[in-house]
1. Output the residue which, of all residues in region 150-164 that are crowded, with 23+ Cβ neighbours inside 10 Å and closer than 21 Å to Ile236 by Cα, is modelled with the highest pLDDT.
2. Among (1) touching a residue at least 60 places away in the same chain (Cβ under 8 Å); (2) within 21 Å of Ile254 (Cβ to Cβ); (3) of a type in the set (A, V, I, L, M), there is one condition Ile178 misses while meeting the rest; what is its number?
3. Of the residues Ala43, Ala63, only one is assigned by TED's automatic domain parsing to the domain that holds Gln117 and closer than 25 Å to Phe168 by Cβ; which?
4. Kindly list, by first and then second residue, each pair from a residue in region 91-110 that is touching a residue at least 60 places away in the same chain (Cβ under 8 Å) and in a helix (DSSP H, G or I) to a residue that is surrounded by 11 or more Cβ atoms within 10 Å (Cβ to Cβ) and aromatic (Phe, Trp, Tyr), limited to pairs with Cβ atoms under 6 Å and residues at least 6 apart or on different chains.
5. Output yes when any residue across region 177-191 is modelled with pLDDT of 80 or more and within 16 Å of the chain's Cα centre (by Cα), and no when none is.
6. Can you pull out the residues in region 90-125 that are surrounded by 15 or more Cβ atoms within 10 Å (Cβ to Cβ) and over 24 Å from His155 (Cα atoms)?
7. Using the structure shown, decide if Tyr59 is surrounded by fewer than 23 Cβ atoms within 10 Å (Cβ to Cβ), closer than 16 Å to Phe134 by Cβ and modelled with pLDDT under 95.
Amino acid sequence: MKLTKFKTPIYGDLFQRVVVHSLVLTFLVLLLYSSLFPITSLALGFTLALCGSIGTYEYGTMAKVKLGYTYRTYSACGSFIFLLMSFFAIRWHPTFPNLSLLSWVFLFSWLVIHTFQSRKRSPGPIETTGITLFAIMYVSIPLRLFLNILYGFIHTEEPFLGVWWASFLIAVTKGADIFGYFFGKALGQKKISPEISPNKTIVGFVAGCLGATLISILFFLQVPSRFNHYITMPGILIFLGIILGISSFFGDIIESIFKREARMKDSNRLQAVGGILDTLDSLLLSTPILYVLLAITQKTMFIG
């Protein structure tokens, strides 16, 4: 039986989305809550690097529509290596304190080599190097910051605190997506910016922010007592929910601008998902915001 049989006029491929995203969420939860174990942490690091690599390639594909040629494979390989090195540097930073610097040296060297390589083709190095640099900043850097959040407390007495913050980030951000999608489809009439994203409505935006706030309140009520020493201002979680709800929306809008420019509906052709960028878009803006807040307020967090 094909999943498309369950489509409805209002929600379209809702059944496919629920099934696929439920499987992805289950896999993600298992990875997150076992991410402190060496073997499963390797699986998480490889998965994250692979997602970053594919996301970078997808952005290169969109840019190719405008430029005619982009170094998609080169950029994707660089992103994969950078994220994998970042994973080892952050996950085992007490053991290898200088590895974090090495990952940045690699990235800089990779871009320099790319600049010389791009002289051989048209468009030249200004366009192609700019595309590669932005793709890494847009996709790979937020994913590296996610690793900082996840493993930033591994050297403390509460290494699980990073897992808690990473879970908070994903739950609030994706909760905003889900609330915005359902309420926007069911009740949304007035479009926010139809020329950029025709499916985004004011009702969906408000519902997404309220949903993110609701999930933040649930996390606020369930903060483990042993984390009280580290989360000195638990009430800020509620305010953070609103901020992440807004950033989730704009993360989606930013990717919609890129897709509209490239005249693409999805960043890829994965069934019921679209592409990696379609899945990560809301997190790419929310992750740096949470990272900056934690870097300021959590003095014990590793921020390298």
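1. Initially, region 150-164 is screened for residues crowded, with 23+ Cβ neighbours inside 10 Å, giving 150-153, 161-162.
Applying the additional criterion that residues be closer than 21 Å to Ile236 by Cα yields 150, 152-153, 161-162.
Working: Leu150: 93, Gly152: 86, Phe153: 85, Leu161: 88, Gly162: 90.
Ranking the qualifying residues of region 150-164, first place goes to Leu150.
2. The single condition Ile178 does not satisfy is (1).
3. On the way: Ala63 fails: closer than 25 Å to Phe168 by Cβ.
Among Ala43, Ala63, only Ala43 is assigned by TED's automatic domain parsing to the domain that holds Gln117 and closer than 25 Å to Phe168 by Cβ.
4. Pairs that qualify, where the first residue is touching a residue at least 60 places away in the same chain (Cβ under 8 Å) and in a helix (DSSP H, G or I) and the partner is surrounded by 11 or more Cβ atoms within 10 Å (Cβ to Cβ) and aromatic (Phe, Trp, Tyr), are Arg91/Tyr151.
5. The answer is yes, given that some residue of region 177-191 is modelled with pLDDT of 80 or more and within 16 Å of the chain's Cα centre (by Cα).
6. Just the residues of region 90-125 that are surrounded by 15 or more Cβ atoms within 10 Å (Cβ to Cβ), to begin with: 90-93, 99-100, 103-104, 106-107, 110-111, 114-115, 118, 123, 125.
Those that are surrounded by 15 or more Cβ atoms within 10 Å (Cβ to Cβ) and over 24 Å from His155 (Cα atoms): Phe106, Leu107, Trp110, Leu111, His114, Thr115, Ser118, Pro123, Pro125.
7. Values: surrounded by fewer than 23 Cβ atoms within 10 Å (Cβ to Cβ): no; closer than 16 Å to Phe134 by Cβ: yes; modelled with pLDDT under 95: yes.
Judged against the criteria, Tyr59 is not a match.
The values are calculated or read from the model by the stated rules, or taken from the named source; none is laboratory data. Owing to the predicted nature of the structure, the values given are computational and were not obtained by experimental measurement. A quick note on method: Cβ atoms are made from the backbone with ideal geometry, for glycine too, and the neighbour counts reach across all protein chains shown.
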